[in-house]
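See below for the structure under consideration.
FYI, it's all coordinate maths here, none of it is from the lab. Please read all numbers here as calculations on a predicted model, not as lab measurements.
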Amino acid sequence: MIFREVEDRDLIAKARKGNVESYNLLVSRWEKRVFNYLLRLVSNREDAMDVSQEVFLKAYQSLPKLDDPERFGAWLFRIAHNEAFSLLRRRKPEGEMPVERGTVGRQLLPIELSLAVETALKRLSEDQREAVLLKVYQGFKFEEMAEILSCPVSTVKSRLYTALDLLKATLCEVHHEL
Amino acid sequence: MSCEQYDWKAYALGELAGSERREAEAHSATCEGCRGELAHVRLTIETLAVLREEEVPRRIAFVSDKVFEPRWWQTFLRPSFAAACVIAAAILAHGFMMRPAAVDNAEIQAAVNKAVAEVQQRNEDAVNRVDKKVMSFYNVATGIKYQ
């Protein structure tokens with residue numbers, strides 16, 4: 001007997017009819033990705049958790065408006081993007097994080113490398129950081145990113161490539177200092 | 001310096017189609033500048049990948065949220081609730097239909113009295129019959145007419 005995992009679109013169809021258990025299963029499939037995307041974007045665990053909750057609530061309420069269930073992922077991240085930037089706009093501007101540099105002549109520990117990456121990501125603009133998060137960490141295609149961010153593919157590529165150039169300068173420098 | 005016509009970021013990010021990809025690979029085999037650029041892009045992406053996904057601190061709770069609770073009328077549409085209603089109705093109907101008639105103590109007492117009277121009458125008749133037989137035997141045996 002072949003067991004086939006229930007597709008997202010089947011869960012969406014049931015959730016649209018008010019089946020909360022189907023929606024909960026959908027949440028359990030996507031919550032980790034959404035939370036990590038928001039965590040890197042808003043840089044605060046509690047805020048990321050609160051916004052995640054809000055995202056899934058709004059997604060449930062807006063499910064009838066979802067035209068193509070096959071594009072649920074991009075649609076969900078579009079909501080997450082809107083919620084995150086709504087929060088970021090409400091926040092007061094924060095001081096720029098200082099860049100932590102690796103110590104010359106020794107191997108960086110994984111935790112130190114993680115900190116270096118986190119710091120490098122925080123130095124990017126929000127738009128650039130989000131482009132990296134969606135592409136490198138969430139694996140969306142350029143077209144999907146354009147849908148999530150409501151902008152042309154050319155803008156997506158411009159933000160992402162600028163971010164990668166900045167990250168390359170910082171992170172490759174860390175590696176060269178070893 | 002890498003050659004401008006090749007998009008090494010798109011290549012490293014898996015965004016190039018088959019033919020473009022093969023063409024870029026063929027070019028990088030012969031161009032040291034492009035190989036260096038590709039190596040830097042890959043190193044950047046690999047370094048970014050050290051940042052691991054974090055677990056969600058707590059489950060996103062929806063079942064307990066008010067907005068997800070069914071409206072009052074939706075409760076009646078649930079199969080389990082409907083089945084419970086049918087069973088309850090069946091029990092009530094059975095109770096009404098099979099209810100015993102009201103008990104009248106006077107009727108019972110009259111019936112008992114009647115039955116007792118009949119038994120007493122039967123006993124008296126039996127005794128009278130025995131007495132008559134005994135007297136008949138006595139008369140025959142003694143020749144004395146006993147009345």
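Would you calculate the convex hull of the Cα atoms in the range B:8-48 and tell me its volume per residue in Å³?
Hull volume over Cα atoms, normalised by residue count, gives 51 Å³.
Once the Cα atoms of the range A:124-166 are picked out, what are the Rg and Dmax in Å?
Calculated on Cα positions, Rg and Dmax stand at 8.9, 24 Å.
Throw me the Rg/Rh for the range A:1-94, computed over C-alpha atoms with Kirkwood Rh, two decimals.
Answer for the range A:1-94: 1.03.
Output wanted: per-residue J couplings in Hz (rounded whole) for the range B:16-22, from phi through Karplus 6.51 cos²θ - 1.76 cosθ + 1.60, θ = phi - 60°, x for Gly and Pro.
Along the range B:16-22, the couplings run 8, 6, x, 5, 4, 5, 5 Hz.
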